[in-house]
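The values are calculated or read from the model by the stated rules, or taken from the named source; none is laboratory data. The shown structure was predicted, so the numbers you read here are calculated from the model rather than taken from an experiment. Note that we place each Cβ from the backbone using ideal geometry, even for glycine, and neighbour counts take in every protein chain shown.
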Amino acid sequence: MAATLPPPRLLPSGDSAITVEFSRNIDDAANGRVLALDRAMAATPVEGVTETVPTYRSLLVHYDPVRISFEALGEQILALAQLPVPATTKTRRWRIPVVYGGEHGVDLEDVAKTLKTTPDDIVARHVSGDYRVAMIGFTPGWSYLSGLAASMQMPRRQNPRLLTPAGTVSIGGVQTGVQCLAGPSGWHLLGQTAVRTYQLHRDPTFLLEPGDAITFVPVDTKTFAEQDRAAAAGEIVAELMPS
Amino acid sequence: MSKLVITSIGPASSVQDGGRPGSQRYGLVPSGAMDRLALAAANTLVGNELFAAAVEIGPFGAVFTARGGVVRIALSGASRNGDIAGRPVAVDTSATLADGETLTLGFARSGSFSYLAIEGGIAGEPDFGSLSVNARAGLGSPYPRPLQSGDELQTATASGAPERRIELPATGEAPIRVVWGPQDDEFADDAKNLFIDSEWKISATSDRMGYRLEGPVIKHLHGHNIVSDGTVNGSLQVPGNGQPIVLMPDRGTSGGYPKIATVISADFARFAQTPAGRAFRFKAVSMAEAQAAARQFADLLRSLPDRLRPIESFDLNIDALQDANVAGYAVSAVDAATWQVASPADVSGPD
C-alpha cells in the first residue's frame, strides 16, 4: 500500500454539508474508501457532525456550522481519510430470494432480446453475481449494488416508469438494485423479492448496510407468495449467511 | 382533550415538525417544515418547543373547528386573512377558539406556507422521533399523508394564557444567497454567470420534493449525468433540460444530476416561501458569509422567546386592518390556484 492515499476533494454542499469525493466514477476502490471514512467518522466522532451518508464515490458529511467551520471540519476529514483502509473484516453476506420474470419482472424478456440471449440465461447470469451494497439512497431501503457482470450492462429505459412495484429487483447501467417501496424507476425490471429492506416497527427497520454482500436466489411464484406473507408479518425472509 | 376538526383544507398541507434527520444513509429523507423559522415562531407563541409538530398549510385556505374544549392556536409564516367566529386573526399572533368555534383561513397572500401551532402540540405516534408526513415512505402521524377534510387533530385543552404577538425581523426581497458547488466545475463560467445574472421564477409544478425553476437554460460542460451522490435541502440540481430544480425537505437522499450551487441554510426558509411565478434572483456568497449567516439564523431562533409581546387592542386593530386589506393581493391568489403536485418521476428517479 502506498504511504499516502490521494486525498479526497472537499466539495461544499451549502454551509452545512461537505461532499467528500474520492472519485467521479463508479469505482470499487473509491467506494471502499468512502465506507472506510464512514466507519472512521463513526469510530472517532467529530464535534458538530450530525450525519454521514455514503454513496458510490463520495461521503456526504452533514454538520452544524454553528459548532464547526467548513475549514476546521475539512482538516479533520482529510486526516481521517488518510487512515489506511482496513482489510474488510466482518462483511455480512445475505441471500435474497427473487422471483424472476412474468408480472414480477416485466422487462426480463426484453432484456434477453436486447442482449441476444434467453430469459433463463439472464436469470442465470444475475444469480451468479457476487454483489456489494454500494449505497442506499433515493427512497428508504433503495439499495444500489455494485458487481453487475459486464455482459448484463445496458442503458436505462428512454422513458422511466412512473410506478414500479415494491420489492423490484432491476438493472440499470453498471448497477443492479433492490428497491423497497413502489415508486418511479427508469431501470429494467428483472424480478421481485419479498424481502423488505425497510419496514417500520421491525427490528431492524433497515435490513441492509452499505458494504453488505448480496447474492440472489431464484424462487418460484408460490414461494414468493409465501415469503411475501411472512415478510408482511415482520419476518426477515432474507438469509444471513454464516461468515 | 380538545381537538381541531378540519372542515376543509387545500392540497400541500400536512403535519410537519423539525423532521427526522439521522437515517439519510438508508434513503430516508428528514422531511420537516419548509420554513423552520415560521414553525418555531408559531410554536413559541403558544409555549411549545420550537420544532413541535404544527399544521403546515399550503397556498390555499383552510377551515378548522374546535371540539371537546377550548383550543389555543398561533399562526406564522405566509400571511392570509383569518378569523375566528368573525374575530380577525393576524399572522404572528396567538388566538383562542372556544368549543365549537371555527377558524377560517384564506389564501396565502405573501409566501406559500403558514404554520398553525396548537398549544400542547398535536397528539401522535412519532416515527424516528418525528410526526412529519413523508407520504412516499408511509410516515407521519396522526395521518401518514397530506391532511384532508374530516381529519381530526387531538390536542391539549387551552391553558388560558394571555394572547401574544411575536416581533420578527422583516424578511424583504433580497436575492437568495447560494454557495457554489458541489459540482459547479461541471459548468463553464458563462453558465455560472448566466445563473447569477438572470431572473428566475418558481414553476407551479413544484412540491415538497423540489421547486422547479423557470429561466434561461443552464448548459452543462459534460452532459447531465453524474454518478449519484448525496443531496441536501437547497441543492440546485441541473437536469438535462437546463432548468434547475431546488431540492426541498422531501427530496430523494441521492441524485444524479450536477448540482451547480446550494441555497445557504439561513435563506432556505425565505426561498421555500417564494410564491410560484414571482421573479427573484440568486447571489453567490463565500462560505465565510454563508456560515456567518447560519450563526445569525441560529441566534434568531434562540431569541424567539424574547420577541414575544403582549397584545394590546391597538396592535390587534392595526394588524386586523392590514389583514383586511386584500385588494392588492389578487395575483397571489391566482398563483396559489396554479399550485399543483408534480409527478415524483419529474423531479427525480433512482440514478
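Quick check on my filter: what residues within region A:190-211 are surrounded by 20 or more Cβ atoms within 10 Å (Cβ to Cβ) and away from chain B (no Cβ under 12 Å)? A:Leu190, A:Gly191, A:Gln192, A:Thr193, A:Ala194, A:Val195, listed by residue number.
Scanning region A:212-232 for residues that are part of a helix (DSSP H, G or I) and surrounded by fewer than 18 Cβ atoms within 10 Å (Cβ to Cβ) yields A:Thr221, A:Lys222, A:Thr223, A:Ala225, A:Glu226, A:Arg229, A:Ala230, A:Ala232. For region A:88-135, taking the residues that are in contact with an Asp or Glu (Cβ under 8 Å, 6 or more places away or on another chain) and within 18 Å of A:Gly186 (Cα to Cα), the one that is surrounded by the fewest Cβ atoms within 10 Å (Cβ to Cβ) is identified as A:Ala112. Filtering region B:182-222 to residues that are part of a loop (DSSP other than H, G, I, E, B) and either within 30 Å of B:Ser13 (Cα to Cα) or free of Cβ contacts under 8 Å to residues at least 12 places away in the same chain (or both) leaves B:Glu199, B:Ser203, B:Ala204, B:Thr205, B:Ser206, B:Asp207, B:Arg208, B:Met209, B:Gly215.
Report yes if B:Ala53 is surrounded by fewer than 24 Cβ atoms within 10 Å (Cβ to Cβ), out of contact with any helix residue (DSSP H, G or I) (no Cβ under 7 Å at 6 or more places or on another chain), small (Gly, Ala, Ser) and at pLDDT 95 or above, otherwise no. Here the answer is no, as B:Ala53 does not meet what is asked. Within region B:129-166, the set of residues being more than 14 Å from every other protein chain (Cβ to nearest Cβ), outside any loop (DSSP other than H, G, I, E, B) and not hydrophobic (A, V, I, L, M, F, W, C) comprises B:Glu152, B:Gln154, B:Thr155, B:Arg164, B:Arg165. For region A:1-120, the strands (runs of 3 or more DSSP E) that sit wholly inside it and include 1 or more residues that are free of Cβ contacts under 8 Å to residues at least 24 places away in the same chain are A:9-12, A:49-54. Here the strands (runs of 3 or more DSSP E) wholly within region B:83-128 that include at least 3 residues being buried (at least 23 other Cβ atoms within 10 Å of the Cβ) are B:93-97, B:110-118. Taking first residues from region B:107-121 that are over 16 Å from B:Val71 (Cα atoms) and in contact (Cβ under 8 Å) with a residue 24 or more places away in the chain and partners that are crowded, with 22+ Cβ neighbours inside 10 Å and of a type in the set (Ser, Thr, Tyr), the Cβ contacts under 6 Å between residues at least 6 apart in sequence or on separate chains come to B:Arg109/B:Ser332. Restricted to region B:279-288, and to residues there that are in contact (Cβ under 8 Å) with a residue 12 or more places away in the chain, outside any strand (DSSP E or B) and surrounded by fewer than 16 Cβ atoms within 10 Å (Cβ to Cβ), the residue that is nearest to the other protein chains (Cβ to nearest Cβ) is B:Ser286. If a residue must be surrounded by 20 or more Cβ atoms within 10 Å (Cβ to Cβ) and modelled with pLDDT under 95, how many such residues does region B:137-147 contain? Number satisfying all stated conditions: 1.
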